[in-house]
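The structure follows.
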Amino acid sequence: MKRMKKTWPFHVMLLPALICLFLFSYLPMGGIIMAFQDYKPWEGVGGSAWVGLDNFRYLFERQDSMQVIWNTLVIAVIKIVFNLLIPFVFAILLNEIRKTALQRSIQTMVYLPHFLSWVILGGILIEMLAVDGFVNRILAAVGIDPIFFLGDNNWFRFTVIVSDVWKEFGYNTIVFLAALAGVSPTLYEAAEMDGAGRLKQTLHITIPSMIPITIVVGTLALGNILNAGFDQIFNLYNPLVYEKGDIIDTFVYRTAILNGEMGFGTAIGLFKSVISMVLILVSYRLAYKWAGYRIF
């Protein structure tokens with residue numbers, strides 16, 4: 001009670017957030033029951049027929065469902081790899097710039113795209129990557145045939161991954177720059193006195209100092225391995241690239257919202273959520289085992 005008397009203002013401050021969390025995150029979980037029903041909106045949750053695991057069985061029997069899961073894994077895994085690798089390398093290069101003003105200017109420029117929504121960027125990319133768009137005009141000027149970036153299955157994944165990395169690598173670099181800021185300058189001074197140049201200092205001091213945070217970021221990213229980026233895909237894809245570009249979230253949107261298969265769409269969403277939860281638990285365990293990182 002004595003402790004409560006001291007901390008009650010903090011609990012009151014948390015109350016609005018907890019209420020919102022309950023209303024918008026926990027209360028809607030009651031809708032999970034639709035995954036086990038042949039849900040009809042006019043019959044409601046209480047009146048729709050119970051079908052058990054039929055929706056999940058149907059999920060694994062449909063050929064397009066398995067293709068969607070494969071698309072999601074491929075796009076998400078490649079995004080995770082390059083959203084680790086590019087910021088890692090860029091942070092090292094940026095750290096080597098000795099002029100603070102130039103360093104901050106570059107960091108700000110690459111950081112800005114993060115704040116643009118995919119609605120805006122989607123419209124820009126659609127115009128720039130069109131067959132008669134800016135990019136294809138440049139390619140035509142050097143003798144290369146136009147490429148249908150957003151309408152060709154062989155190019156769509158590449159376009160999605162490159163545009164996502166371009167948008168986010170500046171923001172992701174912040175984590176690695178923070179790790180570099182924690183490196184003691186005395187290590188570099190000692191290495192310089194021993195005759196180590198900038199390359200050896202980078203190989204033996206900078207990179208090893210970034211490995212722990214890289215392990216943490218990489219393992220925690222496993223929890224998002226089924227999140228390939230709904231906002232981006234939804235604003236860029238079209239029926240021509242469903243084969244290689246359709247992911248779980250966009251598939252759920254089409255089946256549940258557009259086609260009215262509410263029960264099947266809910267089953268897919270529940271399947272994704274359970275897998276993601278397991279991956280998050282595993283990633284936290286790996287982060288603690290390999291890098292000593294833990295939240296709770």
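The values are calculated or read from the model by the stated rules, or taken from the named source; none is laboratory data. In this text the structure is predicted, and so the values were computed from the model without any measurement. When we count neighbours, we look across all protein chains shown, and the Cβ atoms used for this are built from the backbone with ideal geometry, even at glycine. For the accessible areas, the whole protein counts, side chains as well, though only heavy atoms, and no ligand, DNA or RNA atoms are used. Shrake-Rupley method; radii C 1.70, N 1.55, O 1.52, S 1.80 Å.
From the list LEU116, LEU85, LEU112, LEU21, pick out the single residue that is at pLDDT 90 or above, aliphatic (A, V, I, L, M) and within 20 Å of VAL160 (Cα to Cα). Reasoning before the result, please.
On the way: LEU116 fails: at pLDDT 90 or above; LEU112 fails: at pLDDT 90 or above; LEU21 fails: within 20 Å of VAL160 (Cα to Cα).
Going through LEU116, LEU85, LEU112, LEU21 in turn, the sole match is LEU85.
Could you identify the single residue in ILE106, ILE124, ILE78, ILE120 that is under 28 Å from PHE234 (Cβ atoms) and in contact with a helix residue (DSSP H, G or I) (Cβ under 7 Å, 6 or more places away or on another chain)?
Working: ILE106 fails: under 28 Å from PHE234 (Cβ atoms); ILE124 fails: in contact with a helix residue (DSSP H, G or I) (Cβ under 7 Å, 6 or more places away or on another chain); ILE120 fails: in contact with a helix residue (DSSP H, G or I) (Cβ under 7 Å, 6 or more places away or on another chain).
Going through ILE106, ILE124, ILE78, ILE120 in turn, just one is under 28 Å from PHE234 (Cβ atoms) and in contact with a helix residue (DSSP H, G or I) (Cβ under 7 Å, 6 or more places away or on another chain): ILE78.
Across segment 127-141, which residue is farthest from PHE158 (Cα to Cα) among those that are assigned to a helix (DSSP H, G or I) and either open to solvent by less than 70 Å² (accessible area, probe 1.4 Å) or in contact with a helix residue (DSSP H, G or I) (Cβ under 7 Å, 6 or more places away or on another chain) (or both)?
Filtering segment 127-141 for residues that are assigned to a helix (DSSP H, G or I) and either open to solvent by less than 70 Å² (accessible area, probe 1.4 Å) or in contact with a helix residue (DSSP H, G or I) (Cβ under 7 Å, 6 or more places away or on another chain) (or both), the one farthest from PHE158 (Cα to Cα) comes out as ALA140.
Report the residue count in segment 39-64 for those that are open to solvent by 70 Å² or more (accessible area, probe 1.4 Å) and either touching a residue at least 60 places away in the same chain (Cβ under 8 Å) or among the hydroxyl-bearing types (Ser, Thr, Tyr) (or both). Write out each step before concluding.
Taking segment 39-64 as the starting set, the residues that turn out to be open to solvent by 70 Å² or more (accessible area, probe 1.4 Å) are 41-43, 46, 50, 53-54, 57-58, 60-61, 63.
Keeping just the survivors that are either touching a residue at least 60 places away in the same chain (Cβ under 8 Å) or among the hydroxyl-bearing types (Ser, Thr, Tyr) (or both) gives 41, 58.
Here the count works out to 2.
Still on this structure: Only one of (1) in contact (Cβ under 8 Å) with a residue 40 or more places away in the chain; (2) more than 26 Å from the chain's Cα centre (by Cα) fails for ASP194. Which number is that?
(1)
Report those helices (runs of 4 or more DSSP H) wholly inside segment 33-124 carrying at least 1 residues which are within 25 Å of THR219 (Cα to Cα). Walk me through how you get there before you give the answer.
Working: elements: 44-47, 54-61, 63-95, 100-111.
So the answer is 63-95, 100-111.
Same structure, new question: Determine, yes or no, whether ILE92 is within 29 Å of ASP231 (Cβ to Cβ) and out of contact with any Pro (no Cβ under 9 Å at 6 or more places or on another chain). Talk me through it step by step, then tell me what you get.
Working: within 29 Å of ASP231 (Cβ to Cβ): no; out of contact with any Pro (no Cβ under 9 Å at 6 or more places or on another chain): yes.
When the stated conditions are applied, ILE92 does not pass them.
Does GLY170 satisfy being surrounded by 14 or more Cβ atoms within 10 Å (Cβ to Cβ), small (Gly, Ala, Ser) and within 25 Å of LEU281 (Cα to Cα)?
Numbers: surrounded by 14 or more Cβ atoms within 10 Å (Cβ to Cβ): yes; small (Gly, Ala, Ser): yes; within 25 Å of LEU281 (Cα to Cα): no.
No, not satisfied.
For segment 251-263, how many residues meet the condition of being touching a residue at least 60 places away in the same chain (Cβ under 8 Å) and within 22 Å of GLN232 (Cβ to Cβ)?
Summing the residues that are touching a residue at least 60 places away in the same chain (Cβ under 8 Å) and within 22 Å of GLN232 (Cβ to Cβ) in segment 251-263 gives 1.
Of (1) more than 27 Å from GLY122 (Cα to Cα); (2) under 17 Å from the mean Cα position of the chain (by Cα); (3) hydrophobic (A, V, I, L, M, F, W, C), LEU222 satisfies all except one. Which?
(1)
While we're here: Quick check on LYS5: is it at pLDDT below 90 and not in a helix (DSSP H, G or I)? Show your work before the answer.
Working: at pLDDT below 90: yes; not in a helix (DSSP H, G or I): no.
Judged against the criteria, LYS5 is not a match.
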